[in-house]
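In what follows, a single structure is set out as structure tokens and then discussed.
No value in this document is a laboratory result; all are computed from the given coordinates. Treat the numbers as computed from the prediction; the structure is a model and nothing was measured. Backbone-built Cβ (ideal geometry, glycine too); neighbour counts: all protein chains shown.
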Amino acid sequence: MANKPPAADDLSTLLDNYNDAKVTPPNLSGPEDEWIEKFNVHRDKVIRPAMEQLGKEIEKRGHDFHIVSRDFRRGNRPLPDEASIRIDIYLADEKSRTKINADKRPHVGFATNHKKQTVNVIICDVTSRGGVESKVAEFPLDKIDAALIRDKFVALFKRLIAA
């Protein structure tokens, strides 16, 4: 008589036993996770309002903006998705060429490096004429303030003018 595969109930019991014996949930309350929470609060209370203010300034000149933020996510992969926030710029003379959800457009962004507990500053000056995205600085969280955000925003426009 041929071997029969185990019934679904037998597999279910085996998986339950395996999970009880082998699988332990990850510890989610370490110093890295506490730091990510601090970043989330800082992002909502300092970074986003500064970006909104800058966005309103460029709207007065016919440009537009969109603020995009992502939460930290470990998932089931070796490298997690870092938390981030960026302000995408829709230049008045590029509206037909910069579509929503396009991969690259001019932006200034701030992304966590949870292992080092620092924030990477990214400037992207990509337009229809070309450009690059680059990490321009790395700071401790407490150094990211409205003045620094404005400084990096101005740096983006300097790069756009130079292009």
**Request:** Could you work out how far apart the two model spin labels at E37 and A92 are, taking each label as a point 7 Å from the Cα in the direction of the beta carbon, and quote it in nm?
**Result:** 4.6
**Complete:** Summing +1 per Lys or Arg and -1 per Asp or Glu among the other residues with Cβ less than 14 Å from F139's Cβ gives +2
**Request:** Would you please name the trypsin sites (Lys or Arg not before Pro) within the stretch 126-163 that are DSSP coil residues with at most 15 other C-beta atoms within 10 Å of their C-beta?
**Result:** R129
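Which of the pairs K104/K152; K60/K143; K45/K143; K45/K104; K56/K158; K38/K116 have their Cα atoms more than 23 Å apart in this structure?
Cα-Cα > 23 Å for K60/K143; K45/K104; rest within.
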**Request:** May I ask which residue of V132, L91, P106 lies farthest towards the positive end of the charge dipole of the stretch 71-163, with charges of +1 (Lys, Arg) and -1 (Asp, Glu) on Cβ and the Cα centre as origin?
**Result:** V132
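Please give the FRET efficiency for L79 paired with E133, using the beta carbon to beta carbon distance and R0 = 25 Å, rounded to the nearest 0.05.
In this case the efficiency is close to 0.85.
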